[in-house]
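The values are calculated or read from the model by the stated rules, or taken from the named source; none is laboratory data. This is a predicted model, so every value here is computed, not measured. Using ideal geometry, Cβ is built from the backbone for each residue, glycine included, and neighbour counts are taken over all protein chains shown. Just the protein is used for accessible areas: all its heavy atoms, side chains included, with ligands, DNA and RNA removed. Shrake-Rupley method; radii C 1.70, N 1.55, O 1.52, S 1.80 Å.
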Amino acid sequence: MSKQQKGAHADENLEHVESALSKTEHFIEENQNTLTIVALVIIAIVAGYYGLSKLYFQPLENNAQKQIFYAQQYFEQDSFKLALNGDGINPGFIEIMDEYGSTKAGKLSAFYAGVSNLHLGNYEEAISFLGDFSTDDELIAATAAGAMGDAYMELGKTDDAISQYKKASSYDNNLTAPTYLMKLGIAYETANNKEEAVKAYTTIKDQYKTSSEARQIDKYITRAELK
């Protein structure tokens, strides 16, 4: 391409750029009021969210954390009725869920309420609370699923229990996986599915050799194989 052609091409590109800029300026001039309103709305939303977070949600979260402390103490002492319903001065998990349901402490109260009901023999209530609970914490998620499995087993709903034990044991950690694999194997035995029971027990033997469940797992494998 000759210098003259290059120059013409450059001039043409410059004209396109100038035209685009001119159109943009024209658009801004014609819609200046609208654009100003949009900008102000965005600023108001950002400022409002920041203010709501600092002035409402954070204090609410802090208060919920203070309220749940006493219920957790009762829970750790196996005083599950007091943990659920409070002691007349401090609220229990049920009240905390109702008043602080949008907070982390309020959501965690659903987990505690479910496990508390499990210990009290209120299995349907336990399943209801735990079914509504969700968390990104894998250890708590595994425990919640395992607790639902326990509740279903108590109700004689073995297939549902198996589903929950499978979910609980899918979280690969040495603290909970062996426990729920053992319960999964027992549930499979209850359902007369010895092949899956052996598989669950063998997983403990192969993958969780240092767990307390692994120390006695051979007799469970043998028992399932002989059925």
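Below is a table of values for the structure above.
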item	result
For ASP150: the one exception among (1) assigned to a loop (DSSP other than H, G, I, E, B); (2) open to solvent by less than 50 Å² (accessible area, probe 1.4 Å); (3) charged (D, E, K, R)	(1)
Top-ranked residue of the stretch 70-109 - restricted to ones that are of a type in the set (Phe, Trp, Tyr) and in a helix (DSSP H, G or I), ranked as surrounded by the fewest Cβ atoms within 10 Å (Cβ to Cβ)	TYR70
Condition met for TYR123 (within 22 Å of the chain's Cα centre (by Cα), more than 20 Å from TYR171 (Cβ to Cβ) and not small (Gly, Ala, Ser))	yes
Among the residues listed as ALA200, ALA141, the single one being buried (at least 19 other Cβ atoms within 10 Å of the Cβ) and more than 15 Å from the chain's Cα centre (by Cα)	ALA200
